[in-house]
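Notes for the one structure printed next.
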Amino acid sequence: MNVAFEYVNKTLIARIEGDIDHHSCDAIRKRMDNEILEKNPRNLIFDMDMVGFMDSSGIGVLLGRYKQIAGQGGKIAMIKVKPQVKRICEICGLQKIIPVYQDKRQAIENIKEC
Amino acid sequence: MKIDNEMKLEFLSRSQNESFARSVVAAFVAQLDPTIEELSEVKTAVSEAVTNAIIHGYECGNGNVVIIARIIGDSVEIVVQDQGKGIDDIEAARQPLYTSKPELERSGMGFTVMETFMDQVEVESQPGIGTTIRMYKSFKTE
Ligand SMILES: Nc1ncnc2c1ncn2[C@@H]1O[C@H](COP(=O)(O)OP(=O)(O)O)[C@@H](O)[C@H]1O
Ligand SMILES: [Mg+2]
């Protein structure tokens, strides 16, 4: 499991690669939390372009990072969400908490406006 | 009901097996010509049931998880079984957002996902004996 990081000013873009399930979520969580602790980003964007599958374990991971970032007054978003991932997010009501945008540019624009 | 095809898979409760378990069941169900969407629904429901057997049933210790899938006409029955801890209050466990392990960042949405993606979900469980999840889905070819 791989998570690649990129910054646009104080916004961290985390590009997750591979399935997000109970098996992979420990590694994702650790990598995300190390990065957040070390760099203290203001906002967080999950790039889901390389995630073809996610189950409810993934919802727990996304919500956990949401709480950290939102607790510090930051914004959070998801981009490039594939159909299966989108459905699981809808069922779990996640799209009300973490807005979905088409791409990086759109997400950053919306984060700035808030 | 006449069974047209059947498969059985048994594996140790290791999280590494979650991915291959859901893929195997999806490959078996593919003979019913499901849409891509239906196939990913089956995959996700199986992933939820198998994950539950591993983290809740065996609490990440050792035990075997058994999956049986049966094709009957245009329907599939999927059974996911563990001989783990069992569920005290099945009705409470099935409620959306209910989790007995919030410290593990569980969302409590596993049963809700299974119920949404499958036509029918039955839970049989006895504390100290284990849990059996039976899920049904039919594929209507037009
Ligand atoms: N196979 C199982 N063995 C024992 N307990 C289970 C099993 N499956 C589910 N449970 C119980 O049901 C609860 C709800 O399951 P679920 O909806 O998948 O949420 P989560 O896995 O996020 O806790 C679990 O927290 C657990 O207490
Ligand atoms: Mg679960």
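Taken over the range B:79-98, residues that are within 12 Å of ligand 2 (Cβ to nearest atom), open to solvent by less than 100 Å² (accessible area, probe 1.4 Å) and over 16 Å from the mean Cα position of the chain (by Cα) amount to 1.
How many residues does the range A:1-35 hold that are open to solvent by 20 Å² or more (accessible area, probe 1.4 Å) and not acidic (Asp, Glu)? Number satisfying all stated conditions: 17. Applying the selection to the range B:108-123, what residues are over 12 Å from the mean Cα position of the chain (by Cα) and charged (D, E, K, R)? Answer for the range B:108-123, where residues must be over 12 Å from the mean Cα position of the chain (by Cα) and charged (D, E, K, R): just B:Asp119.
If the condition is being crowded, with 22+ Cβ neighbours inside 10 Å and either touching a Cys at 6+ places or on another chain (Cβ under 6 Å) or over 14 Å from A:Ile20 (Cα atoms) (or both), then the range A:42-57 contributes A:Asn43, A:Leu44, A:Ile45, A:Ser57. Residue count for the range B:29-55 satisfying the condition of being touching a residue at least 12 places away in the same chain (Cβ under 8 Å), more than 10 Å from ligand 1 (Cβ to nearest atom), within 10 Å of another protein chain (Cβ to nearest Cβ) and hydrophobic (A, V, I, L, M, F, W, C): 3. Checked across the range A:59-67, the condition of being away from ligand 1 (no atom under 16 Å from the Cβ), buried (at least 19 other Cβ atoms within 10 Å of the Cβ), modelled with pLDDT of 95 or more and part of a loop (DSSP other than H, G, I, E, B) holds for no residue. Considering only residues of the range B:104-142 that are crowded, with 19+ Cβ neighbours inside 10 Å, away from chain A (no Cβ under 14 Å) and polar (S, T, N, Q), which is farthest from B:Ile67 (Cα to Cα)? Filtering the range B:104-142 for residues that are crowded, with 19+ Cβ neighbours inside 10 Å, away from chain A (no Cβ under 14 Å) and polar (S, T, N, Q), the one farthest from B:Ile67 (Cα to Cα) comes out as B:Ser125.
Residues in the range A:2-55 that are at positive phi and more than 11 Å from chain B (Cβ to nearest Cβ): A:Asn9, A:Asn40.
Condition check ((1) free of Cβ contacts under 8 Å to residues at least 60 places away in the same chain; (2) in contact with a Phe, Trp or Tyr (Cβ under 7 Å, 6 or more places away or on another chain); (3) more than 16 Å from ligand 2 (Cβ to nearest atom)) across all residues:
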residue: B:Gly57; (1), (2), (3): no, no, no
residue: B:Cys60; (1), (2), (3): yes, no, no
residue: B:Val66; (1), (2), (3): yes, no, yes
residue: B:Ala69; (1), (2), (3): no, yes, yes
residue: B:Gly73; (1), (2), (3): no, no, yes
residue: B:Glu77; (1), (2), (3): yes, yes, yes
residue: B:Ile129; (1), (2), (3): yes, no, yes
residue: B:Ile133; (1), (2), (3): no, no, no
residue: B:Lys140; (1), (2), (3): no, no, yes
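The values are calculated or read from the model by the stated rules, or taken from the named source; none is laboratory data. Please read these numbers as outputs of a predicted model, since none were measured by experiment. Heads up, the Cβs are rebuilt from the backbone with ideal geometry, glycines too, and the neighbour counts pull from every protein chain shown. When the accessible area is computed, the model is the full protein with side chains, heavy atoms only, and any ligands, DNA or RNA have been set aside. Shrake-Rupley method; radii C 1.70, N 1.55, O 1.52, S 1.80 Å.
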